[in-house]
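The values are calculated or read from the model by the stated rules, or taken from the named source; none is laboratory data. Just so it is clear, the structure is predicted and the values come from calculations on it, not from any experiment. Counting neighbours? That spans all protein chains shown, and the Cβs are built from the backbone with ideal geometry, glycine included.
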Amino acid sequence: MNNPAPLGADANGAAVRRLMRGRATATLATQLAGSGWPYASLVLVATAIDGAPLLLLSRLAEHTKNMAGDARISLLFDGTEPGPSRLAGSRATVLGRATRSADKAELGRFLARHPEAEAYAGFADFGLFRIAVERAHLVAGFGRIHWVDEREILLPQSAVAAFVASETKLVATLNDDAAVRTLLAQKLGPGEWSVTGADPEGVDTRADGATARLSFADALADPAAIRAALDSATTTPV
């Protein structure tokens, strides 16, 4: 695997990350076991702090059986709505390999984004998969089409280490802050919004089954700066 590029070095990589982080679902494409036919399915998705997609899947599902025979997958992140022309919107097809993850923090990020999955996350046939991203095909509108390499998509460990170490405490602190809850409602609309995840580029939020993403004006190196960054954070256009 290539070493990731420095944080913020590539606008196309940042655009792919925004799409991945802004979507609660994606279309998963696998190769149908035994026939070779392409097989597409709808899946819930979250992201690791570095941007890698995370999936919680049952081994009984057709797509998981397919991945057991061929770990290569693609995920379509569709950000084309709303807008007058769907084909003028942004979308990204992310190519990579699905690998089982035993990382409890990554599972926690997934369940925080999709708390309904807690009802079956402990079943023996379910497991967390982290997608080892290799490249992505970004369509950012008519004529704005780019292949983007993995090193431009995933954030380097040096940029995320502080957030990995402090995310649980950081999220709890934000959710315990009445001023933060008021700020989220002002930016995202009515609802009991709470922060479900934090990374150098923004926070993931949830209220009444809806998810939303707030992006910072600039990427953060220090998690302690997150409260001030929220004041100028904007909803991510996807």
Filter region 227-238 for residues that are surrounded by 15 or more Cβ atoms within 10 Å (Cβ to Cβ), closer than 24 Å to Gly79 by Cβ and not hydroxyl-bearing (Ser, Thr, Tyr); which is modelled with the lowest pLDDT?
Val238
Exactly one of Ala92, Ala117, Ala121, Ala88 is aliphatic (A, V, I, L, M), more than 29 Å from Val171 (Cβ to Cβ) and touching a residue at least 24 places away in the same chain (Cβ under 8 Å), and that one is Ala88
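Kindly indicate whether any position in region 126-146 is surrounded by 14 or more Cβ atoms within 10 Å (Cβ to Cβ), in a helix (DSSP H, G or I) and touching a strand residue (DSSP E or B) at 6+ places or on another chain (Cβ under 8 Å). Lay out the reasoning, then the answer.
Of all residues in region 126-146, those surrounded by 14 or more Cβ atoms within 10 Å (Cβ to Cβ) come to 126-141, 146.
Imposing the further condition that a residue be in a helix (DSSP H, G or I) reduces the set to none.
Looking through region 126-146, none of the residues is surrounded by 14 or more Cβ atoms within 10 Å (Cβ to Cβ), in a helix (DSSP H, G or I) and touching a strand residue (DSSP E or B) at 6+ places or on another chain (Cβ under 8 Å).
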Among Ala68, Ala61, which is the only one that is under 21 Å from Ala124 (Cβ atoms), small (Gly, Ala, Ser) and out of contact with any Lys or Arg (no Cβ under 9 Å at 6 or more places or on another chain)?
Ala61
When the residues of region 45-80 are narrowed to those that are of a type in the set (S, T, N, Q) and modelled with pLDDT of 95 or more, which ends up surrounded by the fewest Cβ atoms within 10 Å (Cβ to Cβ)?
Ser58
Which pairs turn up if I take residues in region 217-231 that are under 17 Å from Ser166 (Cα atoms) and in contact (Cβ under 8 Å) with a residue 12 or more places away in the chain and look for partners that are surrounded by fewer than 19 Cβ atoms within 10 Å (Cβ to Cβ) and among the acidic types (Asp, Glu) with beta carbon separation below 9 Å, at least 6 apart in sequence or on another chain?
Arg227/Asp177; Ala229/Asp218
Considering only region 155-195, how many residues are surrounded by fewer than 12 Cβ atoms within 10 Å (Cβ to Cβ) and either over 21 Å from Pro53 (Cα atoms) or touching a Lys or Arg at 6+ places or on another chain (Cβ under 6 Å) (or both)?
9
